[in-house]
Amino acid sequence: LISTQEPNFNEIVLFRYDYRSIVDWRDTNSRDPCFYDLLSLCFSTMFQTTTIMFKRCVTKSNFPAWIKQTKRLESSTKLGQSSTKALPEKAPAPVAQSLIAAVGGIATVSAVAAAIESSTASQVPPFDPKSQRFSQESFGGRFARMLLECDPRLLIYSEAEVQKCKKLLESYTSQPPEMDHELWEAKRIVDSAVHPDTGETIPRPFRMSGYVPFNGPICVAMVASQSTMSLLFWSWINQSQNALVNFFNRNASSPMTNETLMTSYAAAVGSALAVAFGLATIIQKRFSPEKAKSLLRWVAFPSAVVASSLNCYIVRSPEISTGIPLLNENGKVVGGEGNLSLEAAKRGVYSTTASRALLQAPVYFLPPILISMGPLKKYLTKVPAAAVPITTYLVLVSFGVGLPATVAIFPQISEISANDVDPKFQHLKNPDTGKPYEVYYYNKGL
């Protein structure tokens with residue numbers, strides 16, 4: 001009802017919670033007098049009940065300073081007068097500075113991606129749509145690939161430009177070698193916007209290139225949360241956004257049931273909220289309000305780790321019962337189509353689930369450490385208003401550069417010894433050499 005009447009919420013909160021104050025407010029915003037009479041009664045009852053409970057549960061010595069100030073001011077305030085002086089004025093949120101910091105963080109990530117792209121432009125291999133521009137055998141190659149996939153600049157390409165690049169790729173066999181760099185860039189643009197299985201355009205907020213500008217601010221809010229409710233709210237928003245990213249980037253060749261999607265979403269949200277609420281409650285009970293406020297910034301990390309890992313396991317767990325294909329050194333499936341390995345699937349799911357914990361570290365761990373030590377800590381002690389903009393910048397840069405770096409630690413194509421695979425693959429012979437395979441490969445996923 002409040003939202004439908006569009007009141008000024010700050011105005012309601014700052015008025016004394018008695019009948020006459022709200023009636024005065026009603027007279028200047030008259031739409032439905034009955035509604036405001038009911039609202040005034042609700043506020044009055046709620047305020048009186050809360051006051052009684054608060055006096056019973058909290059001793060006088062534990063009253064925060066602003067509550068003592070409020071009681072003194074209320075005793076000298078006449079009925080019907082506004083008591084906005086009862087609450088200390090909060091410093092306005094540095095919205096403009098935070099927006100500038102967010103733009104700066106996104107621009108920094110884009111600049112790093114642009115530097116890597118331009119520095120390797122003259123060294124691209126011959127174009128092959130089934131291959132990769134960078135070698136996946138080294139950390140540097142894997143990092144460059146993931147960073148360019150997460151490049152926020154890919155969001156600026158329109159649908160018409162994406163379709164133009166798609167047509168260029170269709171005629172790649174007739175293109176001269178001088179076009180290799182342009183073809184690799186066209187492939188990067190198309191892969192960022194179009195689902196490889198369905199051919200449908202992925203909405204911008206749920207693309208890999210949209211992670212920094214869309215999910216980054218959510219991570220900022222989680223790291224900056226200093227109350228239980230705000231932490232729970234942003235944890236829910238974060239897992240909801242992650243669930244949509246998983247949905248729009250799912251493997252459409254192995255359809256995921258709605259039941260699996262909903263189970264994954266419920267488990268991720270439930271685990272994130274449970275961990276966040278549990279840790280926040282423990283911190284607030286065991287530490288002083290000032291200490292608890294500083295410790296709450298660390299709660300986002302374990303809640304995101306548990307939720308992300310559980311989400312990954314639930315979505316990928318069907319592979320354990322069905323299996324995944326094994327590959328030879330040339331990337332070709334061995335054993336024939338439909339001949340799948342359960343052991344490789346198990347290793348892939350377990351290792352990917354475990355790696356999801358490490359993926360959260362740069363976002364939730366690095367910025368609080370940098371802020372709480374060294375020159376940044378001294379600077380923020382003198383200029384507390386700069387805490388939110390600096391946190392925003394650090395989280396977005398850590399998100400855009402740190403996540404590709406952590407993903408690059410683990411090769412997407414892993415190997416497994418022939419002695420450790422399923423029995424049906426252990427004595428399989430390589431048709432090219434006539435000798436039994438010693439090592440197999442499999443795609444463990446991201």
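Okay, here's what the table says:
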| read-out | value |
| --- | --- |
| Qualifying residue in segment 132-140 (condition: part of a loop (DSSP other than H, G, I, E, B) and surrounded by 17 or more Cβ atoms within 10 Å (Cβ to Cβ)) | yes |
| Output for segment 333-352, where each listed residue is out of contact with any Leu (no Cβ under 8 Å at 6 or more places or on another chain) and under 23 Å from residue 408 (Cα atoms) | 345, 346, 347, 348, 349, 350, 351 |
| Hits in segment 391-446 - residues which are assigned to a helix (DSSP H, G or I) and free of Cβ contacts under 8 Å to residues at least 24 places away in the same chain | 423, 426 |
| Single condition residue 309 does not satisfy, out of (1) closer than 20 Å to residue 266 by Cβ; (2) buried (at least 20 other Cβ atoms within 10 Å of the Cβ); (3) at pLDDT below 80 | (3) |
| Residues of segment 375-390 satisfying the condition of being among the hydrophobic types (A, V, I, L, M, F, W, C) and assigned to a helix (DSSP H, G or I) | 376, 380, 385, 386, 387, 388, 390 |
| In segment 347-387, residue surrounded by the fewest Cβ atoms within 10 Å (Cβ to Cβ) [restricted to those that are touching a residue at least 24 places away in the same chain (Cβ under 8 Å), over 22 Å from residue 98 (Cα atoms) and among the hydroxyl-bearing types (Ser, Thr, Tyr)] | 351 |
| Residue 325 open to solvent by 30 Å² or more (accessible area, probe 1.4 Å), touching a residue at least 60 places away in the same chain (Cβ under 8 Å), under 24 Å from residue 355 (Cβ atoms) and touching a Leu at 6+ places or on another chain (Cβ under 7 Å) | yes |
| Residue within segment 246-269 that is modelled with pLDDT of 85 or more, assigned to a loop (DSSP other than H, G, I, E, B) and surrounded by fewer than 16 Cβ atoms within 10 Å (Cβ to Cβ) present | no |
| Identity of the residue in segment 146-171, under 27 Å from the mean Cα position of the chain (by Cα) and without any contact (Cβ under 8 Å) to a residue 24 or more places away in the chain, that ends up nearest to residue 207 (Cα to Cα) | 156 |
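The values are calculated or read from the model by the stated rules, or taken from the named source; none is laboratory data. Nothing here was measured: the structure is a model prediction, and the numbers come from that model. For neighbour counting, all protein chains shown are included, and Cβ atoms are generated from backbone atoms with ideal geometry for every residue, glycine included. Please note that ligands, DNA and RNA were not included when accessible areas were found on the heavy atoms of the full protein model with its side chains. Shrake-Rupley method; radii C 1.70, N 1.55, O 1.52, S 1.80 Å.
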